[in-house]
Structure formats: structure tokens, C-alpha cells
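Note sheet for the following structure.
Just so it is clear, none of the values below were taken in a lab; they were calculated from the coordinates. Since the model is a prediction, treat every value here as computed from it, not as a measurement. With ideal geometry, Cβ positions are generated from the backbone for all residues, glycine too; neighbour counts draw on all protein chains shown.
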Amino acid sequence: MNIAETRFGRRARHCLLAVIAILFAGWGAGEGALAQTRQPVAGTSVSLVPLKGFSAASGFAGLQNRSTKASVMIVEMPAAAHPQLAALFGNMETAKAGFAKQNIAVSGIDEVDTPAGKAPVINGRQDAGGMRFDKWIALFKGPKTVMVTVQSPEKAALDHRQVLAMLASVTLGGEPGMADKLKALPFAIGPVAPFRVVDTIGGSGVLMTVGPLNADPSGSQPLLIAVYQLSAPAGGAGKLEDMAETLLKQTRGFGSATIATRGKLRFAGRDGIMLTGSYLDEGRGPKRFAQYMAIGAQGRFIRLIASADEAGFDGLAPAIKAIARSVAFGPGQ
């Protein structure tokens, strides 16, 4: 997941397209024929009948085939997001234009009848990491807006009809409690006052803020986001500082950030790096930030970034440090 594409307080359409951006290629192929047992997806409201060979994923909200590296990824958003996302699925012209921004070439749109109602499904291909992936993205309307993404390498030739059958089995139940959502993350983290948890992000990240608003279009409230990398392994720890700076500069709004301090420290139980500094938030003036990052046993990183107005950052620093100390990779991560 790219923190740059989950920037709290940006315009709704940018945020919705940003959610699509986390549904990138990087897992793999699937097997034929549906399994016969309905399976709930931990940390989400979704249950479905998966293709054979799929089990609970490690590192994101969904399912994966560990031998073929196929994935079924679940992303849940507020109900209010549905109308804007539905427009992207409305016809081939809008689908091609919208998903092209994520390097997805849309080749068709289907509609499936599900226990949760009719759901549009786009299918296409995406090039990433030197590979070509087949991809299906379905949109469901319920208490939450739900996107279900299936992807596999092109060479696996995953059967289109079987994927549609699996998506047709989707049911939407009640939203899980926050404790269950946090437990389903691939890392542990605990809020420290005055920060509070707003929600988890795609089963692989968490959003915290300070203040009364969950949705903050003005971007006035302090923000803390921690995410686990979903893409291919990051590489050696020796490159951690360079990687941390590159990711910071790629984060929306931080392109011109000035780094004031760099320091090595223990983060998430590993050797990590912390960057602090300032940036100019368009429309809000100068802000300060702290970014923590470490790479786990599987070569994937956790990144935590917190930001606030200059005047309030020092007062929040103890809570930010305490939250950072609470972070730990999950078992096997």
C-alpha cells in the first residue's frame, strides 16, 4: 500500500482512486473449480466460496494460494464512496480511463447476481514487476462499499467463468469490530491518546487521528498512518535509509519535504530508520512529520508516518513515539 495514495483529507475522488491504487499486481495464479465451503474473510464483512487452494492471506485482508501466489483482496470503504466508484464501472469508456491510471488495461465489464445484490465486475490486465497479470475487480454495495480484487499471472490462464462464480458467492455481513480489524492486521499497533483509530485500510494498514472528525476534508487534524508493504520484497536492510527517503518523497504532499534528522533505532522489533522534518501542506501552511520504517523477515516493510501543524507537533511527539514503540511484525512477517 502506498501512503501517498491514502492521504487523509484529500478530495473524495482522489481518495477513491487511491484505494484502487493499492490493488496492484504481485501475487499470482489460481486454480480451477470452487471449493464447497463458504469462508469469512478475517477483519472484513465479506464471506465467499473461494476457488480451491485458497486460504486466509498473510499480510492483507483476503485470501491467497500460497503455491501459486494468487490473491483475492478485500478493501472496504464508507458507504458514501459507492456512487463515485460505481461511475468508474459504468461503461467501458469510463472504466478504461479510470483504471488506466493504475496501469490496468480494461477488456470487459460483467455483472454478477450475488446474495449482496448485483455487482459490476471489470476484467483486464496489468503489467507490474516485469510480469503481466490477469485481473478482476468487483464493486459491492452494502453497509460498507466493498471492492474485491482477484489477480493471477497471465500464464496461469485463470478461468474467467470460475472467477465470476466466486464473486457471485460474495455475501456482506455486519462490520467487524475495531478489535477484530486490528487483530487481522499483519502487524501489531496500539493507539496512544490523544490519537485514536479511525479505521484499518485494506487489512494491511491503520489510520489514526486527533480530533472529532473521521473525515477531514480540510486536512486540519493531526494524522498517523502505519502500513505493511503488499508488493514484492523490499530488498536488503542496507538500502533502508535510501528507500525510506524515496518513499517519503513519493508520498502525496511530501515531494518537497525537508529532512531535518535521520536516525537508526529499533522499530517493529527490527533495525529501523527514523526521518523527521517539515513540509508545506498546500492550503494549510507548514507542517512537521516523523517517519519510521523497518524491514521484516519476509523482506517487506512497515512504514509509519505522522504529521501535524508545526505548533502542535511537539505536544504530540510523546504519543507518536509511544505508538511507534507498540508496532511489531506479526508472526512470520
*P(r) histogram, all alpha-carbon pairs of the range 248-333 included - 10 Å bins from 0, percent*: 17, 46, 29, 7, 0
*The list (i) 15; (ii) 11; (iii) 26 gives values of percent of Cα pairs over 39 Å apart, and only one came from this structure; which label was calculated from it?*
(ii)
*Which entries of Lys239/Lys287; Lys69/Lys135; Lys118/Lys155; Lys118/Lys141; Lys135/Lys155 show an alpha-carbon separation above 18 angstrom in the structure shown?*
Lys239/Lys287; Lys118/Lys155
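Tell me the relative contact order for the chain as a rounded percent, counting alpha carbon contacts under 8 Å between residues six or more apart. Let's see the in-between values first.
Numbers: 764 pairs, mean separation 56.1, N = 333.
Rounded, it is 17 percent for the chain.
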*Which angle from 0 to 90°, rounded to the nearest 10, does the C-alpha axis of helix 240-250 make with the longest principal axis of the chain?*
80
*Residues with beta-carbon under 12 Å from that of Gly203, excluding Gly203: net charge, scoring Lys, Arg +1 and Asp, Glu -1?*
-1
*Roughly how many whole Å is it from the C-alpha centroid of the range 292-324 to that of the range 163-213?*
19
*Relative to the longest principal Cα axis of the chain, at what angle does helix 12-21 sit, 0 to 90 degrees, rounded to 10?*
70
_Using amide H atoms built in the peptide plane, which far-off residues or other-chain residues are under 5 Å from Gly211 H to H?_
none
*Roughly what angle does helix 310-326 make with the longest principal axis of the chain, taking Cα atoms, 0 to 90 degrees, to the nearest 10?*
60
*Return the calculated 222 nm mean residue ellipticity for the chain, to the nearest 500 deg cm²/dmol, obtained by summing -39500 (n - 2.57) across DSSP H runs with n ≥ 4 and dividing by the residue count.*
-6000 deg cm²/dmol
*Taking square-rooted eigenvalues a ≥ b ≥ c of the alpha carbon gyration tensor, is the range 53-184 rounded, prolate or oblate, where a/c under 1.5 means rounded and, failing that, a/b exceeding b/c means prolate?*
oblate
*Stretch gain in nm, segment Glu154-Gln250, where the contour uses 0.36 nm per residue and the Cα spacing is subtracted*: 31.6 nm
*Excluding the sites themselves, what is the longest stretch of the chain that contains no trypsin sites (Lys or Arg not before Pro) in a DSSP loop with at most 10 other C-beta atoms within 10 Å?*
102-333
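Under 25 °C and 0.890 mPa s, how fast does the range 74-131 diffuse according to Stokes-Einstein, given a Kirkwood radius computed over C-alpha pairs? Answer in µm²/s, whole number.
After rounding, the answer is 195 µm²/s.
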*What is the pair-distance distribution P(r) of the range 133-243, computed from all Cα-Cα distances in 5 Å bins starting at 0, with each bin given as a whole percent?*
2, 8, 14, 15, 16, 17, 13, 8, 5, 1, 0
